[in-house]
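I have placed the structure first, in the form of structure tokens, so that the comments after it can refer back to it.
The values are calculated or read from the model by the stated rules, or taken from the named source; none is laboratory data. Everything numeric here is computed off the predicted structure, so don't read it as measured data. Note that each Cβ is placed from the backbone with ideal geometry, even for glycine, and that neighbours are counted across all protein chains shown. Side chains are part of the model used for accessible areas, which takes the heavy atoms of the whole protein and leaves out ligands, DNA and RNA. Shrake-Rupley method; radii C 1.70, N 1.55, O 1.52, S 1.80 Å.
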Amino acid sequence: MHPEIDLEKLVGDSLYLDNQAHAVVARMRDMDSGTRSQLRRMYSAIRRACRAAEADRQHQFVMLRARLAYTIARHQLRSLDVLEKLLLQVTRRNEARSYERFRDLFEAIVAYNE
């Protein structure tokens, strides 16, 4: 079982974000045959959700969590479970900065996984 990502630290500490991205990618390499295209597709969806109107943003992220859960199950990407849990926290908080930091984390994961 991998440790959860601390949302407070993620929002406030860029180095923590970078370390977590490296940790997720390392777990992906150990546990999964995670496809880069799946990650890039999710990242595109996250970027779109971040750009959504404020009134619609939370709904977009709720739907993203469902897509992420489906992707994890369909492609056996157990290393991304920690991101699904983090996304739930982000969605509950419903703050622009949290959404942006989640996007930044995902961007770093995609970059380090290339």
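Things worth noting here:
- For the chain, accessible area per residue (1.4 Å probe, heavy atoms of protein chains only), Å²: 56
- The magnitude of the dipole of the chain, with charges of +1 and -1 set on the Cβ of Lys/Arg and Asp/Glu and taken from the Cα centre, is near 480 debye.
- On the chain, 47 percent of the accessible area sits on carbon and sulfur atoms, based on a 1.4 Å probe.
- Highest GNM mean-square fluctuation among ASP81, ASP18, ASP30, for the chain modelled with Cα contacts below 10 Å: ASP30.
- Using a Gaussian network model of the chain in which every pair of alpha carbons under 10 angstrom is joined by a spring, one finds that among ALA69, ALA53, ALA23 the greatest mean-square fluctuation is at ALA53.
- Relative contact order (%) - the chain, alpha-carbon pairs under 8 angstrom, separation at least six: 44
- Farthest toward positive dipole pole in the stretch 69-114 [+1 Lys/Arg, -1 Asp/Glu at C-beta], among LEU77, VAL110, GLN89: GLN89
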